[in-house]
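This report concerns only the one structure given below.
The values are calculated or read from the model by the stated rules, or taken from the named source; none is laboratory data. Treat the numbers as computed from the prediction; the structure is a model and nothing was measured. Quick reminder, even Gly has a Cβ in these numbers, built from the backbone with ideal geometry, and neighbours come from all protein chains shown.
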Amino acid sequence: MTVCTQENPWDTFLELVQQEISKIEYINWIKPIGFRTFDAGKLTLSVPNVFVQNYLVENYADTLAKLLNTDEKKPLPIEFVIEAAPTKKRVVARSEVKKKPTLKPNLLLHDVALNDHYCFETFIEGPSNQFIKSAAYGVALKPGKTYNPLFIHGGVGLGKTHLLHSIGHLVQSKHKKIKLECITTEGFINDLVYHLKNKSVDKMKRHYRSLDVLLVDDIQFLQNRLNFEEEFCNMFESLINQSKQIVITSDKPPGELNLSERIIARMEWGIVGHVGVPDLETRVAILQHKAEQKGLMISSDTAFYIAEHIYKNVRQLEGALNRLSAYCKLMDREATIDVVDDILGEFFQAPLQSKVSIERILNSVASMYRVRVADIRGSSRHKDVALARQIAMYLARQLLSDSLVKIAGYFGGKTHSTLLHACKKIAQKQETDETLRRQIALIRQNIEA
Ligand code: ADP
Ligand code: MG
């Protein structure tokens, strides 16, 4: 990092930080901060809430101290003013979009209205979902032109539907004329049953085939529904052949679904991405974001405490937060750790017994790239070692629930920004480099075996 030579250190900071963190992290945490003044060495910033302020200070104190030419040990010469963020332009939901007159309003009885809250802006990114989120974003920007179909799989409550609807919102806001439909697999089956009874299946087929984007949630419900599977497969092929975008979510990867080989092969045509369980820091960020939406103040300590004890999926985390928020509002109490223990104790999950350790990650990466663990931990800039180090950092962040600082420490005391940079680079590289993607998948299998 360089020392500021410009008049406004905040501009320099923004330039530096944008190169270091992902776009989404930037949008979630840095963009909401407004520059007010820079006077006599003191910077005044506006922040929408105290979480954003804490994030900035906790992660960038050293950088800011350098930019403001101050001693790192002294308090930063920054004044924060809490100021409510301007309300976001609302994205129009499917249910509010006027249907074209050519579409019969009751043609699909079970199509789904996009959930207003499920958009990219409210989806918190972390190592467990970074890759699939960027793929989803890419698809929404250029439907039918990048990854087609996009197949999103992962356990329950981890944000698959949230991502699916986010694609829908972005497509609708960017491409006004596009015909988009969001359905659940059960809805598709129920519609098909209805149209079979009413002898109007052809109309339904024509409708599907006229779409530009089809979002299908929970394809696992197509398993063991043989008649419907074939109809779905025909519709799928017809859309894909016309380069129309399809996005599918599932609780399993295509190969593990009990469906015909034909449809599995079709679903593997495009890109298959996994949404995993978020790591500790991402869970904290999700909690803080959701707490803020509810108008509940929770300190960093409380958020960490909850996120350490509830880790299996985001839906459970949200349920716990709803309960805590209701209690604090009704009883006019603060969300302290004692209150959390009382109110959420029964939600707490047994501590995670992970077999994965940093040693295991380092050994697996070192043997795949034929380099020494000591070199990965060291500072060699040799191409192979540097790549192995970045991959080990990326995997450590994905697989361990340790804090950023602790993980950076495993690599000979590198800084957390080096760690973030490595994670971002590897996530991006995987989008275009199939070999790298396979190598990482192999290492992961080895680590988790
Ligand atoms: P799934 O479809 O995978 O079962 P959902 O998409 O319904 O899960 O997500 C469950 C809840 O968790 C939703 O309220 C969603 O907004 C929230 N959620 C999941 N992942 C995230 C995330 N990364 N950021 C913000 N909210 C999330
Ligand atoms: Mg879902």
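Taken over segment 395-435, the residue count meeting the criterion of being under 24 Å from Gly270 (Cα atoms) and either without any contact (Cβ under 8 Å) to a residue 12 or more places away in the chain or among the hydroxyl-bearing types (Ser, Thr, Tyr) (or both) is 5.
Residues in segment 119-140 include none that are more than 20 Å from Met267 (Cβ to Cβ), within 14 Å of ligand 2 (Cβ to nearest atom) and out of contact with any helix residue (DSSP H, G or I) (no Cβ under 7 Å at 6 or more places or on another chain). Looking only at residues in segment 26-80 that are of a type in the set (Lys, Arg) and in contact with an Asp or Glu (Cβ under 9 Å, 6 or more places away or on another chain), the one that is surrounded by the most Cβ atoms within 10 Å (Cβ to Cβ) is Lys66.
With respect to the conditions (1) part of a helix (DSSP H, G or I); (2) touching a residue at least 60 places away in the same chain (Cβ under 8 Å); (3) more than 16 Å from ligand 2 (Cβ to nearest atom), Ser243 lacks only one, and its number is (1). Could we say that Phe236 is buried (at least 16 other Cβ atoms within 10 Å of the Cβ) and away from ligand 2 (no atom under 16 Å from the Cβ) here? The answer is yes for Phe236. If you filter segment 363-381 down to residues that are of a type outside the set (Ser, Thr, Tyr) and within 21 Å of Gln428 (Cα to Cα), you find that the one that is surrounded by the most Cβ atoms within 10 Å (Cβ to Cβ) is Val365. Scanning segment 141-179 for residues that are in contact with a Pro (Cβ under 7 Å, 6 or more places away or on another chain) and within 16 Å of ligand 2 (Cβ to nearest atom) yields a total of 2. In segment 128-161, the residue that is nearest to the chain's Cα centre (by Cα) out of those that are within 11 Å of ligand 1 (Cβ to nearest atom) and part of a loop (DSSP other than H, G, I, E, B) is Asn129. I'd like to know if segment 347-354 contains one or more residues that are within 30 Å of Thr302 (Cβ to Cβ) and modelled with pLDDT of 85 or more. Checked against the condition, which is being within 30 Å of Thr302 (Cβ to Cβ) and modelled with pLDDT of 85 or more, segment 347-354 yields at least one hit.
A residue that is over 22 Å from His165 (Cβ atoms), basic (Lys, Arg) and outside any helix (DSSP H, G or I) cannot be found anywhere in segment 209-221. Of the helices (runs of 4 or more DSSP H) lying entirely inside segment 256-361, those containing at least 1 residues that are within 14 Å of ligand 1 (Cβ to nearest atom) and β-branched (Val, Ile, Thr) span 280-294, 314-331.
Being away from ligand 1 (no atom under 16 Å from the Cβ) and in a loop (DSSP other than H, G, I, E, B) holds for only one residue in Lys203, Lys252, Lys199, and it is Lys199. Among the numbered conditions (1) modelled with pLDDT of 95 or more; (2) part of a loop (DSSP other than H, G, I, E, B); (3) not acidic (Asp, Glu), the only one that Leu164 does not meet is (2).
In this structure, is Asp218 within 16 Å of ligand 1 (Cβ to nearest atom), at pLDDT 95 or above and among the acidic types (Asp, Glu)? Against the criterion (within 16 Å of ligand 1 (Cβ to nearest atom), at pLDDT 95 or above and among the acidic types (Asp, Glu)), Asp218 qualifies. Checking Ile219, Ile263, Ile310, Ile271 one by one, the residue that is touching a Phe, Trp or Tyr at 6+ places or on another chain (Cβ under 8 Å), touching a residue at least 12 places away in the same chain (Cβ under 8 Å), aliphatic (A, V, I, L, M) and closer than 19 Å to Thr185 by Cα is Ile263 and no other. Among the residues making up segment 156-176, those that are of a type in the set (Gly, Ala, Ser) and either in contact with a Leu (Cβ under 7 Å, 6 or more places away or on another chain) or surrounded by 23 or more Cβ atoms within 10 Å (Cβ to Cβ) (or both) are Gly159, Ser166, Gly168.
In segment 120-147, the residues that are within 20 Å of Lys244 (Cα to Cα) and β-branched (Val, Ile, Thr) reach residues that are more than 11 Å from ligand 1 (Cβ to nearest atom) and in a helix (DSSP H, G or I) with C-beta atoms within less than 7 angstrom, at least six apart or across chains, in these pairs: Val139/Ile167; Thr146/Gly138; Thr146/Val139. The set of residues in segment 176-196 that are under 23 Å from the mean Cα position of the chain (by Cα) and more than 16 Å from ligand 1 (Cβ to nearest atom) comprises Leu180, Glu181. Restricting segment 246-261 to residues that are polar (S, T, N, Q) and either closer than 12 Å to Val272 by Cβ or in contact with a Lys or Arg (Cβ under 7 Å, 6 or more places away or on another chain) (or both), the residue that is farthest from ligand 2 (Cβ to nearest atom) is Ser250.
Would you be able to say whether some residue in segment 251-264 is surrounded by fewer than 22 Cβ atoms within 10 Å (Cβ to Cβ) and β-branched (Val, Ile, Thr)? Yes. Just one residue in the set Pro127, Pro101, Pro77, Pro105 is over 28 Å from Leu280 (Cα atoms), at pLDDT 85 or above and not hydroxyl-bearing (Ser, Thr, Tyr); that residue is Pro77. Here Lys329 qualifies as more than 30 Å from Ser250 (Cβ to Cβ), surrounded by fewer than 18 Cβ atoms within 10 Å (Cβ to Cβ) and modelled with pLDDT under 95.
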